[in-house]
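Accompanying notes for the structure given below.
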Amino acid sequence: MAKDFRKEIGAFYSARRDPALVRLPAIKYLMILGRGHPAKGTEYREAIQALYTLVYTLKFSGKKGTRQREMPVLPLDSLWWQAGRKGFDSRAPGSAWRWQAMLAVPGFVTQAMLDKVRKEAMAKKPLPALRKVRLKTWKEGLSAQVLHIGPYAAEPPTIKRLHEFIKEQGHRPRGRHHEIYLSDPSRTSPKKLKTILRQPVS
């Protein structure tokens with residue numbers, strides 16, 4: 001099942017530097033909501049720590065050879081938006097930013113499993129953000145995406161190119177700006193960071 005999950009979902013964690021359309025299925029995630037610029041304050045960093053703590057606790061609480069123990073830990077996803085406006089403007093004040101950090105998990109993960117590993121994780125290290133993590137299914141359907149290589153702050157031209165592609169294809173943006181972080185920023189030079197930029201369309 002774990003290998004099937006990687007095979008089923010792996011295609012949605014790759015993209016090219018030329019924009020393209022992709023149709024996404026319903027995917028189950030551990031997710032946490034928050035607000036503010038990710039580089040300012042600690043809320044976003046604490047949310048990521050909570051997500052990975054729960055995913056790894058879930059993985060390693062399974063017995064060897066089981067689908068739970070073999071489940072892959074996939075890259076971090078985040079949705080970005082600003083209340084009361086369409087689209088996402090990275091130039092807006094950080095106080096206006098809203099986000100939803102997410103880690104995809106296999107379909108067999110249940111609320112009972114999440115509750116169990118949350119209790120285990122809290123006993124070891126009581127991170128406040130652990131209580132905020134929820135298990136939900138998210139379906140974006142038809143979307144446009146492109147691979148951005150470089151610093152996060154240099155994304156606007158790539159985002160503009162993605163939206164131009166959407167218009168050329170006869171579609172309109174809908175929903176929230178989606179980013180998938182393929183690189184570890186603590187181990188990768190900013191100029192080599194790889195990020196999938198995705199936008200649901202109608």
HN-Hα couplings for the range 120-136 via Karplus (6.51, -1.76, 1.60; θ = phi - 60°), in whole Hz with x for Gly/Pro, come out as 5, 5, 4, 5, 7, 8, x, 6, x, 5, 4, 6, 8, 6, 10, 10, 9
Which listed pairs, of Lys7/Lys86; Lys7/Lys59; Lys40/Lys192; Lys124/Lys191, have C-alpha distances above 27 Å, in listed order
Lys7/Lys86; Lys124/Lys191
For the range 95-112, just list the computed ³J(HN,Hα) in residue order, Karplus coefficients 6.51, -1.76 and 1.60, θ = phi - 60°, integers in Hz, with x standing in for Gly and Pro.
5, 8, 6, 10, 8, 9, 7, 8, 10, 5, 9, x, x, 6, 5, 10, 4, 4
Net charge (Lys, Arg +1; Asp, Glu -1) of residues whose beta-carbon lies under 13 Å from that of Arg91, Arg91 excluded, is 0
List the residues whose amide H sits under 5 Å from the amide H of His177, counting only those 5 or more places along or on another chain, with H placed 1.01 Å from N in the peptide plane.
Trp80
Sort out for me the Cα centre separation of the range 34-80 from the range 129-202, rounded to whole Å.
18
Sorted peptide list for 6-16, 136-146, criterion being average Cβ within 10 angstrom, highest first:
136-146, 6-16
Let me check I've understood the local charge: for Gly62, count other residues with C-beta under 13 angstrom from its C-beta, Lys and Arg +1, Asp and Glu -1. What total comes out?
+4
Cut-off 13 Å, label 7 Å out along Cα→Cβ of Lys86, residues of the range 169-193 by amide N
171-176
Just to confirm a number: summing +1 for Lys and Arg and -1 for Asp and Glu over residues other than Gln169 whose beta-carbon lies under 14 angstrom from that of Gln169, what do you get?
+2
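Computed from the coordinates by the stated procedures, all read-outs in this text should not be read as laboratory data. Fair warning: this is a prediction, and the values are worked out from it, not measured in the lab. Backbone-built Cβ (ideal geometry, glycine too); neighbour counts: all protein chains shown.
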